[in-house]
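Here the structure comes first, spelled out in C-alpha coordinates, and everything after it is commentary.
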Amino acid sequence: MQTVLFHETVFGPIHSRRLGASLGINLMPNDGKICSFDCLYCEAGYNAQGAGTSGLPAREEVRELLEAKLLQLKADNAPLDVITFSGNGEPTLHHHFAEIIDDTIALRDKYFPAVKISVLTNSTRISRPEVAAALRKVDNNILKLDSAFDSTVRLLDRPAPGYSVERTIESLASFGRQGIIQTMFTRGEHRGEPVDNTTDAEVDALIDAYRRIAPGEIMIYTIDRPTPETSLQRIARAELDLIADKIRRATGIEVQVSG
(Lines give C-alpha, C1' and ligand atoms only; values in the text may rest on other atoms or scores of the structure.)
Protein backbone atom coordinates (compact mmCIF):
# COMPACT_ATOMS: atom_id res chain seq x y z
CA MET A 1 0.00 0.00 0.00
CA GLN A 2 1.25 3.48 -0.83
CA THR A 3 2.17 5.34 2.36
CA VAL A 4 2.50 8.92 3.55
CA LEU A 5 4.80 11.32 1.71
CA PHE A 6 5.73 13.66 4.53
CA HIS A 7 7.69 12.54 7.59
CA GLU A 8 8.31 16.02 9.00
CA THR A 9 6.06 18.80 10.26
CA VAL A 10 8.01 21.48 8.37
CA PHE A 11 9.60 20.29 5.15
CA GLY A 12 11.33 21.62 2.06
CA PRO A 13 11.44 24.02 0.40
CA ILE A 14 10.32 21.97 -2.57
CA HIS A 15 9.40 23.11 -6.07
CA SER A 16 5.65 23.38 -6.55
CA ARG A 17 4.24 23.35 -10.09
CA ARG A 18 1.73 25.99 -9.07
CA LEU A 19 3.39 28.00 -6.30
CA GLY A 20 7.17 28.04 -6.81
CA ALA A 21 9.70 27.43 -4.00
CA SER A 22 7.40 26.17 -1.28
CA LEU A 23 8.11 25.51 2.39
CA GLY A 24 5.60 22.91 3.49
CA ILE A 25 3.76 22.58 6.80
CA ASN A 26 2.19 19.21 7.57
CA LEU A 27 -0.33 19.47 10.42
CA MET A 28 -1.12 15.76 10.28
CA PRO A 29 0.89 12.87 11.78
CA ASN A 30 4.37 12.24 10.39
CA ASP A 31 3.74 8.49 10.28
CA GLY A 32 0.07 8.27 9.24
CA LYS A 33 -2.78 9.93 7.40
CA ILE A 34 -5.92 11.68 8.63
CA CYS A 35 -8.30 13.15 6.06
CA SER A 36 -12.00 13.80 5.49
CA PHE A 37 -11.47 12.70 1.86
CA ASP A 38 -9.90 9.44 0.69
CA CYS A 39 -9.06 10.41 -2.89
CA LEU A 40 -8.16 7.82 -5.49
CA TYR A 41 -5.31 10.10 -6.61
CA CYS A 42 -3.88 11.13 -3.23
CA GLU A 43 -0.08 11.06 -3.33
CA ALA A 44 -0.05 10.32 0.41
CA GLY A 45 -1.97 7.07 -0.12
CA TYR A 46 -5.31 5.83 1.21
CA ASN A 47 -6.64 6.52 4.71
CA ALA A 48 -6.62 2.76 5.38
CA GLN A 49 -2.92 2.96 6.20
CA GLY A 50 -4.03 4.45 9.52
CA ALA A 51 -3.27 7.53 11.58
CA GLY A 52 0.09 6.28 12.85
CA THR A 53 1.33 6.79 16.39
CA SER A 54 2.97 10.24 16.39
CA GLY A 55 -0.28 12.21 16.68
CA LEU A 56 -0.88 15.79 15.54
CA PRO A 57 1.94 18.27 16.17
CA ALA A 58 1.27 20.74 18.96
CA ARG A 59 0.80 24.40 18.07
CA GLU A 60 3.98 25.33 19.95
CA GLU A 61 5.98 22.66 18.10
CA VAL A 62 4.79 23.95 14.72
CA ARG A 63 5.74 27.50 15.61
CA GLU A 64 9.19 26.51 16.90
CA LEU A 65 9.99 24.31 13.91
CA LEU A 66 8.81 26.95 11.45
CA GLU A 67 10.82 29.72 13.09
CA ALA A 68 13.97 27.59 13.11
CA LYS A 69 13.53 26.78 9.43
CA LEU A 70 12.90 30.39 8.45
CA LEU A 71 16.01 31.49 10.36
CA GLN A 72 18.05 28.85 8.52
CA LEU A 73 16.70 29.89 5.11
CA LYS A 74 17.40 33.55 5.88
CA ALA A 75 20.96 32.76 6.95
CA ASP A 76 21.50 30.74 3.76
CA ASN A 77 19.91 33.47 1.61
CA ALA A 78 17.75 30.69 0.15
CA PRO A 79 14.90 31.50 -2.25
CA LEU A 80 11.38 31.15 -0.85
CA ASP A 81 8.11 32.03 -2.59
CA VAL A 82 5.46 30.54 -0.37
CA ILE A 83 4.69 28.73 2.89
CA THR A 84 2.16 26.02 2.09
CA PHE A 85 -0.10 24.06 4.41
CA SER A 86 -0.38 20.60 2.88
CA GLY A 87 0.77 17.16 3.95
CA ASN A 88 -0.64 13.83 5.10
CA GLY A 89 -4.30 14.80 5.14
CA GLU A 90 -6.61 17.77 5.58
CA PRO A 91 -4.85 20.64 7.46
CA THR A 92 -8.06 22.26 8.72
CA LEU A 93 -8.74 19.13 10.82
CA HIS A 94 -6.05 20.29 13.27
CA HIS A 95 -7.82 21.57 16.37
CA HIS A 96 -5.50 24.63 16.52
CA PHE A 97 -5.54 25.38 12.79
CA ALA A 98 -6.71 28.99 13.23
CA GLU A 99 -4.08 29.75 15.89
CA ILE A 100 -1.33 28.15 13.79
CA ILE A 101 -2.31 30.36 10.87
CA ASP A 102 -1.91 33.42 13.14
CA ASP A 103 1.51 32.19 14.28
CA THR A 104 2.59 31.59 10.69
CA ILE A 105 1.53 35.06 9.58
CA ALA A 106 3.50 36.63 12.46
CA LEU A 107 6.65 34.62 11.62
CA ARG A 108 6.31 35.32 7.90
CA ASP A 109 5.99 39.04 8.59
CA LYS A 110 9.09 38.93 10.82
CA TYR A 111 11.46 36.96 8.57
CA PHE A 112 10.11 36.85 4.98
CA PRO A 113 7.46 39.58 4.60
CA ALA A 114 7.25 39.18 0.81
CA VAL A 115 6.47 35.45 0.99
CA LYS A 116 2.91 34.26 0.44
CA ILE A 117 1.02 31.86 2.70
CA SER A 118 -1.08 29.18 1.01
CA VAL A 119 -3.51 26.62 2.36
CA LEU A 120 -4.56 23.60 0.30
CA THR A 121 -7.90 22.41 1.67
CA ASN A 122 -10.46 19.90 0.43
CA SER A 123 -13.23 22.34 1.44
CA THR A 124 -14.94 19.94 3.85
CA ARG A 125 -14.63 22.25 6.88
CA ILE A 126 -14.96 25.69 5.32
CA SER A 127 -18.46 26.18 6.72
CA ARG A 128 -16.96 26.32 10.24
CA PRO A 129 -16.63 30.02 11.19
CA GLU A 130 -13.19 29.66 12.78
CA VAL A 131 -11.81 27.81 9.75
CA ALA A 132 -13.32 30.27 7.28
CA ALA A 133 -11.96 33.24 9.24
CA ALA A 134 -8.45 31.74 9.23
CA LEU A 135 -8.59 31.00 5.51
CA ARG A 136 -9.56 34.60 4.77
CA LYS A 137 -6.29 35.75 6.36
CA VAL A 138 -3.95 33.85 4.01
CA ASP A 139 -2.72 34.99 0.59
CA ASN A 140 -3.69 31.86 -1.34
CA ASN A 141 -6.86 30.26 -0.03
CA ILE A 142 -6.89 27.20 -2.33
CA LEU A 143 -10.20 25.33 -2.16
CA LYS A 144 -10.88 21.98 -3.79
CA LEU A 145 -13.82 21.22 -6.08
CA ASP A 146 -13.20 18.22 -8.35
CA SER A 147 -16.75 17.80 -9.63
CA ALA A 148 -20.18 19.41 -9.42
CA PHE A 149 -21.82 15.94 -9.24
CA ASP A 150 -22.15 14.16 -5.91
CA SER A 151 -21.80 10.80 -7.63
CA THR A 152 -18.41 11.73 -9.11
CA VAL A 153 -17.13 13.17 -5.84
CA ARG A 154 -18.19 10.02 -4.00
CA LEU A 155 -16.25 7.92 -6.51
CA LEU A 156 -13.16 10.10 -7.03
CA ASP A 157 -12.72 11.90 -3.69
CA ARG A 158 -14.57 9.46 -1.40
CA PRO A 159 -15.61 12.02 1.24
CA ALA A 160 -16.69 11.26 4.78
CA PRO A 161 -20.46 10.70 5.20
CA GLY A 162 -22.63 13.79 4.93
CA TYR A 163 -20.69 15.56 2.18
CA SER A 164 -22.84 17.53 -0.27
CA VAL A 165 -21.65 19.27 -3.43
CA GLU A 166 -24.47 21.80 -3.19
CA ARG A 167 -23.62 22.79 0.38
CA THR A 168 -19.94 22.93 -0.52
CA ILE A 169 -20.58 25.24 -3.47
CA GLU A 170 -22.63 27.52 -1.23
CA SER A 171 -19.75 27.69 1.26
CA LEU A 172 -17.20 28.25 -1.52
CA ALA A 173 -19.30 31.13 -2.84
CA SER A 174 -19.05 32.87 0.54
CA PHE A 175 -15.32 33.47 -0.13
CA GLY A 176 -15.89 35.07 -3.53
CA ARG A 177 -12.65 36.48 -4.94
CA GLN A 178 -10.82 35.58 -1.73
CA GLY A 179 -10.93 31.96 -2.87
CA ILE A 180 -8.93 30.04 -5.47
CA ILE A 181 -10.76 26.95 -6.73
CA GLN A 182 -8.56 23.95 -7.48
CA THR A 183 -9.75 21.06 -9.66
CA MET A 184 -7.90 17.82 -10.35
CA PHE A 185 -8.70 16.24 -13.75
CA THR A 186 -8.14 12.55 -14.37
CA ARG A 187 -9.78 9.46 -15.81
CA GLY A 188 -9.60 5.72 -15.28
CA GLU A 189 -11.63 3.26 -13.25
CA HIS A 190 -11.98 2.05 -9.68
CA ARG A 191 -13.33 -1.39 -8.79
CA GLY A 192 -14.87 -1.69 -12.23
CA GLU A 193 -16.55 1.75 -12.21
CA PRO A 194 -15.38 4.37 -14.73
CA VAL A 195 -13.89 7.57 -13.30
CA ASP A 196 -13.73 10.59 -15.61
CA ASN A 197 -14.30 14.23 -14.70
CA THR A 198 -13.07 15.53 -18.08
CA THR A 199 -16.30 14.86 -20.02
CA ASP A 200 -18.36 17.71 -21.49
CA ALA A 201 -21.08 17.11 -18.89
CA GLU A 202 -18.56 17.30 -16.04
CA VAL A 203 -16.83 20.42 -17.33
CA ASP A 204 -20.15 22.17 -18.07
CA ALA A 205 -21.38 21.44 -14.54
CA LEU A 206 -18.11 22.74 -13.10
CA ILE A 207 -18.46 25.90 -15.17
CA ASP A 208 -21.90 26.50 -13.66
CA ALA A 209 -20.40 25.99 -10.19
CA TYR A 210 -17.47 28.32 -10.93
CA ARG A 211 -19.92 31.01 -12.05
CA ARG A 212 -21.83 30.70 -8.76
CA ILE A 213 -18.66 30.75 -6.68
CA ALA A 214 -17.01 33.62 -8.63
CA PRO A 215 -13.51 32.97 -7.25
CA GLY A 216 -10.47 35.14 -7.87
CA GLU A 217 -8.81 32.34 -9.83
CA ILE A 218 -9.21 28.71 -10.87
CA MET A 219 -6.36 26.19 -10.83
CA ILE A 220 -6.67 23.02 -12.88
CA TYR A 221 -4.12 20.25 -12.84
CA THR A 222 -3.63 16.51 -13.25
CA ILE A 223 -1.76 13.69 -11.53
CA ASP A 224 2.02 14.05 -11.31
CA ARG A 225 3.13 11.18 -9.06
CA PRO A 226 2.06 7.56 -8.47
CA THR A 227 -1.51 7.25 -7.18
CA PRO A 228 -3.20 4.64 -4.96
CA GLU A 229 -5.62 3.79 -7.80
CA THR A 230 -3.11 2.74 -10.43
CA SER A 231 -5.56 2.93 -13.36
CA LEU A 232 -5.81 6.72 -13.18
CA GLN A 233 -4.40 8.54 -16.18
CA ARG A 234 -2.52 11.79 -16.45
CA ILE A 235 -4.39 14.22 -18.70
CA ALA A 236 -2.26 15.64 -21.51
CA ARG A 237 -1.36 19.32 -21.27
CA ALA A 238 -3.05 20.02 -24.61
CA GLU A 239 -6.35 18.65 -23.28
CA LEU A 240 -6.03 20.62 -20.05
CA ASP A 241 -5.42 23.77 -22.09
CA LEU A 242 -8.63 23.14 -24.06
CA ILE A 243 -10.59 22.71 -20.82
CA ALA A 244 -9.03 25.89 -19.42
CA ASP A 245 -9.94 27.87 -22.54
CA LYS A 246 -13.53 26.65 -22.31
CA ILE A 247 -13.72 27.70 -18.64
CA ARG A 248 -12.19 31.12 -19.34
CA ARG A 249 -14.58 31.85 -22.20
CA ALA A 250 -17.61 30.77 -20.19
CA THR A 251 -16.76 32.46 -16.89
CA GLY A 252 -14.29 35.29 -17.54
CA ILE A 253 -12.21 33.94 -14.62
CA GLU A 254 -8.46 33.46 -14.92
CA VAL A 255 -7.45 29.79 -15.11
CA GLN A 256 -3.97 28.55 -14.19
CA VAL A 257 -2.98 25.21 -15.72
CA SER A 258 -0.45 22.74 -14.29
CA GLY A 259 0.15 19.62 -16.32
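The values are calculated or read from the model by the stated rules, or taken from the named source; none is laboratory data. As the structure is a computational prediction, the values presented were derived from the model and not from experiment. Every residue, glycine among them, receives a Cβ derived from its backbone with ideal geometry; neighbour counts consider all protein chains shown. For accessibility, only protein heavy atoms count, side chains too; no ligands or nucleic acids. Shrake-Rupley method; radii C 1.70, N 1.55, O 1.52, S 1.80 Å.
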Distance in nm between pseudo-label sites at H190 and R136 (7 Å out along the Cβ direction from Cα): 3.3 nm
Kirkwood hydrodynamic radius (C-alpha pairs) into Stokes-Einstein, region 64-113, 10 °C and 1.306 mPa s, D in µm²/s: 133 µm²/s
The chain - Rg (one decimal) and Dmax (whole number), Cα, Å: 17.7, 53
Amide H within-cut-off set for Q182, under 5 Å, with H built and near neighbours excluded: L143, K144, L145, M219
Listed peptides 140-146, 197-203 by packing density, highest first (mean Cβ within 10 Å): 140-146, 197-203
Nitroxide proxy distance, nm - points 7 Å out along Cα→Cβ at K110 and T3: 3.5 nm
Gyration tensor verdict on region 152-259 (Cα atoms; rounded if a/c is under 1.5, prolate if a/b is larger than b/c, oblate otherwise): oblate
Value of [θ]222 nm, deg cm²/dmol, for the chain, DSSP H segments ≥ 4, -39500 (n - 2.57) each, nearest 500: -10000 deg cm²/dmol
Antiparallel content of DSSP bridges confined to the chain, in %, to 5: 30 percent
Average accessible surface area per residue within region 1-160, 1.4 Å rolling probe, Å²: 41 Å²
Point-charge dipole on Cβ atoms (K/R +1, D/E -1) for the chain, about Cα centre, debye to 20: 380 debye
Positive-end residue, region 14-164 charge dipole about Cα centroid, Cβ charges, pick of T152, L135, V62: T152
